[in-house]
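Take a look at the structure below.
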Amino acid sequence: EAAAAKLAEEEAAAAAAKLAKEEAAAAAAKLAEEEAQKKAEEEAAAAAKLAEEEAEKKAEEEAAAAAKFAEEEAQKKAEEEAAAAAAKLAEEEAAAKLAEEEAQKKAEEEAAAAAKLAEEEAQKKAEEEAAAAAKLAEEEAQKKAEEEAAAAKLAEEEAAAAAAKLAEEEAQKKAEEEAAAAAKLAEEEAQKKADAAAAKLAEEEAQKKAEEEAAAAAKLAEEEAEEAAAAAKLAEEEAEKKAEEEAAAAAKFAEEEAQKKAEEEAAAAAAKLAEEE
């Protein structure tokens with residue numbers, strides 16, 4: 001009985017020691033896992049903070065270099081804010097997504113404002129050039145009409161002087177010659193009226209041509225303004241697309257790096273624990 005009691009006591013002690021050893025091993029494994037997780041989180045946070053500081057530094061340098069170009073400034077600002085949001089995504093996904101959306105919205109608003117300003121400037125310049133062209137054409141037509149009117153008046157005065165001289169000479173001739181002179185004078189009067197009508201017609205044609213040229217110039221300026229607006233819109237769409245692609249690539253890269261580092265830390269902790277056991 002004493003031997004059986006001693007054997008039972010030894011078995012109980014062995015079982016208790018084995019249980020304590022298993023519990024200690026489980027506690028050590030759990031502690032190592034928690035330490036590895038904590039270290040991975042700290043390193044991920046440090047990497048995210050470093051990436052954020054680098055992105056902010058790059059943003060300040062690029063903003064100083066591109067201050068004189070409004071549209072380029074908006075594009076670079078969108079890229080910098082998207083990079084900062086991607087870096088924060090490794091630390092807090094929801095906050096980074098909100099920041100990225102705000103940056104995108106601001107970039108779109110600034111690009112739209114720049115495009116609108118360029119369009120308004122182009123429209124204003126086109127209207128000024130069209131107005132100047134129309135005014136120049138009108139002045140040219142007015143000048144030409146005045147010259148033609150002066151020429152017509154001179155011809156009329158010369159014809160009147162010739163008629164007066166002819167009347168004086170015909171007064172000394174016979175009655176038959178006076179009748180013939182009167183017929184000739186009537187013919188000259190008809191010619192004079194015809195010349196005046198031709199001068200008026202030429203003036204109207206010049207005015208019509210000037211109006212047509214002014215309308216053509218205005219239409220050409222409008223088409224150029226539309227082309228400039230289309231080019232601005234295309235540039236804005238390309239900038240938005242590029243910013244979205246770069247932001248997505250940066251976010252994916254940061255996520256893959258954090259995941260890879262966490263896996264490496266967990267594998268190293270597991271190997272170390274296995275070696276210690």
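The values are calculated or read from the model by the stated rules, or taken from the named source; none is laboratory data. Predicted, not measured: the structure shown is a model, and the values here were computed from it. A quick note on method: Cβ atoms are made from the backbone with ideal geometry, for glycine too, and the neighbour counts reach across all protein chains shown. The protein model used for the area step is the full one, side chains on, heavy atoms only, and it has no ligands, DNA or RNA in it. Shrake-Rupley method; radii C 1.70, N 1.55, O 1.52, S 1.80 Å.
Across segment 51-68, the qualifying residues are those that are of a type in the set (Gly, Ala, Ser) and not in a helix (DSSP H, G or I), and the one among them that is most open to solvent (accessible area, probe 1.4 Å) is ALA67. Listed by first and then second residue, the pairs with beta-carbon distance under 9 Å, at least 6 apart or on different chains, first residue in segment 188-206 and under 11 Å from ALA141 (Cβ atoms) and part of a helix (DSSP H, G or I), second open to solvent by 60 Å² or more (accessible area, probe 1.4 Å) and acidic (Asp, Glu), are ALA206/GLU140. Scanning segment 182-223 for residues that are modelled with pLDDT of 90 or more and within 30 Å of GLU73 (Cβ to Cβ) returns GLU222, GLU223.
If you go through segment 207-244 and keep only what is closer than 16 Å to LEU136 by Cβ and not hydrophobic (A, V, I, L, M, F, W, C), you end up with GLN207, LYS209, GLU211, GLU212, GLU213.
The residue that is surrounded by the most Cβ atoms within 10 Å (Cβ to Cβ), counting only those in segment 254-277 that are closer than 16 Å to LEU31 by Cβ and of a type outside the set (A, V, I, L, M, F, W, C), is GLU265.
Residues of segment 224-277 that are hydrophobic (A, V, I, L, M, F, W, C), closer than 30 Å to GLU119 by Cα and touching a residue at least 40 places away in the same chain (Cβ under 8 Å): ALA225, ALA228, ALA229, ALA232, ALA235, ALA239, ALA243, ALA247.
Restrict the check to segment 159-166 and report whether at least one residue is open to solvent by less than 100 Å² (accessible area, probe 1.4 Å), assigned to a helix (DSSP H, G or I) and either modelled with pLDDT of 90 or more or not aliphatic (A, V, I, L, M) (or both). Among the residues of segment 159-166, not one is open to solvent by less than 100 Å² (accessible area, probe 1.4 Å), assigned to a helix (DSSP H, G or I) and either modelled with pLDDT of 90 or more or not aliphatic (A, V, I, L, M) (or both), which makes the answer no. Pairs meeting the criteria (first residue in segment 9-34 and farther than 14 Å from GLU277 by Cα and open to solvent by 100 Å² or more (accessible area, probe 1.4 Å), second residue of a type outside the set (Lys, Arg) and part of a helix (DSSP H, G or I), beta carbons under 7 Å, at least 6 apart or on different chains) are GLU33/ALA269. The listed residues are GLU187, GLU238, GLU212, and the only one of them that is open to solvent by 100 Å² or more (accessible area, probe 1.4 Å) and closer than 30 Å to ALA90 by Cα turns out to be GLU238. Restricted to segment 108-119, and to residues there that are at pLDDT 85 or above and of a type in the set (A, V, I, L, M), the residue that is nearest to GLU240 (Cα to Cα) is ALA112.
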